[in-house]
Amino acid sequence: MPSSPASPAETRLRWAEHNPGLDTSPMELVGLLKHATGLLGRAVEPLYAGAPLTAPEVDMLIPLRHTADPVIARSLAERMGLSRAGVSKTLGKLERRGFIARTPNPADRRAALVTITPAGARAVDELFPRQLAAEVELLAGLGEDREWVLKALGRLVEVMEGRAGRG
């Protein structure tokens, strides 16, 4: 009979026994973040079954949807906290399917200008409101704690960005 996976606390304790000098303190926070991300993904996943875009592709298109001026991939990557390579790969897929257009940047030949196409805008306009409704439902139980959670997550991002920028 298979056993269930160890709890995060048990896993942390086992690592501490196995390697007493290892700082396992990040496991608590990172484990919760990964669990929350997984729950969010499961909540929106059904909305994208048979859709022309995936949830990460919609996330990439959202900042482009109401931007008057073209943007460069690097600024999208920085804004979204993603790797440039990952953003470039996703933009390539979106371009091949007609959801974005990339044009040469006269100020920097290495960085193309990215704009959403009418097809991309229509797809976002159809899918994003459904995603938001699922997210509203998922987060409705926060109630009065919502502002506290926002402040704590904002602080977490601020600290992480400051540390990531040092490398």
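The values are calculated or read from the model by the stated rules, or taken from the named source; none is laboratory data. Only a predicted model underlies this, so the values are computations on that prediction, with no experimental measurement involved. Neighbour counts run over all protein chains shown; Cβ positions are idealised from the backbone, glycine included. Note: areas computed on protein heavy atoms with side chains; ligands, DNA, RNA excluded. Shrake-Rupley method; radii C 1.70, N 1.55, O 1.52, S 1.80 Å.
In whole Hz, what ³J(HN,Hα) sequence does segment 99-108 give by Karplus (6.51, -1.76, 1.60; θ = phi - 60°), x for Gly and Pro?
The phi angles translate into 8, 9, 10, 10, 10, x, 8, x, 7, 7 Hz.
5 Å is the cut-off here: which amide hydrogens, built 1.01 Å from N in the peptide plane, fall below it relative to residue 113, excluding neighbours closer than 5 in sequence?
Excluding prolines and chain starts, which carry no amide H, the hits are 103, 105.
With labels modelled as points extended 7 Å from the Cα through the Cβ direction, what inter-label distance (nm, one decimal) is found for residue 28 paired with residue 66?
Distance between label points: 3.9 nm.
For the chain, what is Rg from Cα atoms divided by 2.2 N^0.38 Å, rounded to two decimals?
Relative to the 2.2 N^0.38 Å estimate, the chain comes out at 1.29.
Using +1 at the C-beta of Lys and Arg and -1 at the C-beta of Asp and Glu, which of 104, 25, 71 has the Cα lying farthest in the positive direction of the dipole of the chain?
Selected residue: 104.
Compute the Cα gyration tensor for segment 50-147, then decide on rounded, prolate or oblate, letting a ≥ b ≥ c be the square roots of its eigenvalues: rounded whenever a/c is under 1.5, prolate when a/b is larger than b/c in the other cases, and oblate in all that remain.
Verdict is prolate for segment 50-147.
Could you give the distance between the Cα centres of segment 91-109 and segment 52-83, to the whole Å?
So the two Cα centres are separated by 12 Å.
Given points 7 Å out from each Cα along the Cα-Cβ axis, report the residue 152 to residue 79 separation in nanometres with one decimal.
Roughly 2.9 nm, to one decimal.
What do you reckon, how do 109, 146, 74 stack up by accessible area (1.4 Å probe), largest on top?
The ranking, largest first, comes out as 109, 146, 74.
With +1 assigned to the C-beta of every Lys and Arg and -1 to the C-beta of every Asp and Glu, and no other charges, what is the dipole magnitude of the chain about the Cα centre in debye, to the nearest 20?
Taking the Cα centre of the chain as origin, the dipole is about 800 debye.
In deg cm²/dmol and to the nearest 500, what is the mean residue ellipticity at 222 nm of the chain if only DSSP H runs of at least 4 residues count, each as -39500 (n - 2.57), divided by the residue total?
-20000 deg cm²/dmol, from helical runs alone.
For residue 100, what residues show an amide H to amide H distance below 5 Å, using hydrogens built from the backbone and excluding near sequence neighbours?
HN-HN under 5 Å from residue 100: 95, 117.
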